[in-house]
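The values are calculated or read from the model by the stated rules, or taken from the named source; none is laboratory data. Computed from a predicted structure; not experimentally measured. Quick reminder, even Gly has a Cβ in these numbers, built from the backbone with ideal geometry, and neighbours come from all protein chains shown. Just the protein is used for accessible areas: all its heavy atoms, side chains included, with ligands, DNA and RNA removed. Shrake-Rupley method; radii C 1.70, N 1.55, O 1.52, S 1.80 Å.
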Amino acid sequence: GAASAELVIGWCIFGPLLLAIFAFCWIYVRKYQSQRESEVVSTITAIFSLAIALITSALLPVDIFLVSYMKNQNGTFKDWANANVSRQIEDTVLYGYYTLYSVILFCVFFWIPFVYFYYEEKDDDDTSKCTQIKTAFKYTLGFAVICALLLLVGAFVPLNVPNNKNSTEWEKVKFLFEELGSSHGLAALSFSISSLTLIGMLAAITYTAYGMSALPLNLIKGTRSAAYERLENTEDIEEVEQHIQTIKSKSKDGRPLPARDKRALKQFEERLRTLRKRERHLEYIENSWWTKFCGALRPLKIIWGIFFILVALLFIISLFLSNLDKALHSAGIDSGFIIFGANLSNPLNMLLPVLQTVFPLDYILITIIIMYFIFTSMAGIRNIGIWFFWVRLYKIRRGRTRPQALLFLCMILLLIVLHTSYMIYSLAPQYVMYGSQNYLIESNITYDDHKNNSAFPVPKRCDADAPEDQCTVTRTYLFLHKFWFFSAAYYFGNWAFLVVFLIGLIVSCCKGKKSVIEGVDEDDSDISDDEPSVYSV
């Protein structure tokens, strides 16, 4: 009866949340995918991958809430939270991480690469479906081998060493398998996920850091007026037509045009086609009801922009102070720059304990920061595009994004979400480890009248010095700190994140307002005349 009631309550809480996540993912993917090139398989893959990214990010506040909910504020466990129940809750969260992280590994190393290479082969009209599947599977096999290698390295590189140095080779191998069995594969999965998190860190430095500065400033500045842009475009058309007329007038008497004039004429004609295309899009946008609706919401966008820039400043200042704290007070690179408390207070670390006194404000703040991290990542990818070193592979454009670009977008977001948990831990390590848990310590009180001491139990916030049976560590922390060298890499990545944010902030401040049809230019192969769209955000 009690278990069934808990299941019903859990479904009532998380059921609508899951439906909201899938609804958002469907709207987001349909909003950006090209109508001409949309495919069912790529659409489903993109929606599912994006949903997994959001669900995984939501697991951190759930993990923190569950370990906190088992204890009272006075440091005692609640009546129902005995050892068996606590263990069941911990195992449930751990299995949740196992499931979601395994799905992420499957998406990143098999499903998304397979669908991507399948559609790459589909561009060739002469290729049969059987050949497409074989070729896609052949390329995907390389990703699967990489995943298998990561799992093997993580599984068979023990964190502890055998005590007996004279042990035989068989005993050493036996020890490896015992280590694997005792951890239930946690080290193997943690190593694989940490390797992906390292790639996610690079993606966060590239896209999230820039998006965190670009998104608020773009909302505050807004876009240029469609009517003004149309007037400028008309002037450009007249100027280009005049140049074309001047060049053509040179051949009125039948003389052939010089090669230089032919090249110039071709360039002007291409430029004229682009300007006329812009004219059609500008006319459509100027007369669109959506443009008028967005204009009415302009004050609200400015408010959102100010709110987002304040959240960004809270995040960046807290990250800087946290990293400075690690640089000054951690044991150094050999320990992964790990610290268990906070010697330098940062705004977020001070704010969370205050919010913990009023349920559920602290969870709301953590959720806002995680969602902000994801949405700024989306904004960064949309603004920068998808690059391979100095080569731009794809643009992300509303209603014009190719299936392969959407798959890349979702893979990048999956990797960034993996890095989100470590970023939150960097900001508030003690909170991510223990939530709002307290434990009891003996405090001696001296009475002047009787000249004797009395010991009273006093609640204290859980920290690294707390007994293991008194404070429950979140499962997130177990995944984050299995390997010190990953923690060291994340530490240096945080400094790079701060630098890129400052560069992005300067660039975003110096840039003018975005064009209302940003993306309609000569090299934009995703734009077509039969797909008018409103670009203003």
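Tabulated data
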| item | result |
| --- | --- |
| Centre separation in Å (Cα based) which lies between region 288-309 and region 342-362 | 31 Å |
| Solvent-accessible area, 1.4 Å probe, carbon plus sulfur percent, for region 229-378 | 64 percent |
| Nearest-10 value in Å² for the accessible area of Lys513, using the 1.4 Å probe | 120 Å² |
| With DNA, RNA and ligands ignored, accessible area of Val103 (1.4 Å probe; Å², nearest 10) | 40 Å² |
| Net charge, Val93 excluded, C-beta distance under 12 Å - Lys, Arg +1, Asp, Glu -1 | -1 |
| Amide proton proximity set for Gln33, modelled H, under 5 Å, gap of 5+ | Gly399, Thr401 |
| Region 290-385, relative contact order in percent, only Cα pairs under 8 angstrom and at least six apart counted | 22 percent |
| 3J(HN,Hα) from dihedral phi, region 195-209, Karplus parametrisation 6.51/-1.76/1.60, rounded to Hz, x for glycine, proline | 5, 5, 4, 5, 5, x, 4, 5, 5, 5, 4, 6, 9, 5, 4 |
| Separation of alpha-carbon centers, region 456-516 and region 204-255, rounded to whole Å | 41 Å |
| Accessible surface of region 393-432 [probe 1.4 Å, protein heavy atoms]: carbon and sulfur percent | 62 percent |
| Residue pairs, from the table Lys395/Lys514; Lys31/Lys511; Lys31/Lys221; Lys71/Lys326; Lys266/Lys514, whose Cα atoms sit over 19 Å apart | Lys31/Lys511; Lys31/Lys221; Lys71/Lys326; Lys266/Lys514 |
| Val358 accessible area, 1.4 Å probe, all protein chains in place, Å² to nearest 10 | 80 Å² |
| Other-chain or far-sequence residues with amide H under 5 Å of Asn438's (modelled H) | Gly75, Cys462 |
| Global geometry of region 233-371, whether rounded, prolate or oblate, following the gyration tensor of its Cα atoms and the 1.5 cut on a/c | oblate |
| Whole-number accessible area per residue in Å² for region 11-110, which is evaluated in the context of all protein chains at 1.4 Å | 49 Å² |
| Å² per residue, accessible surface of region 267-401 at 1.4 Å | 52 Å² |
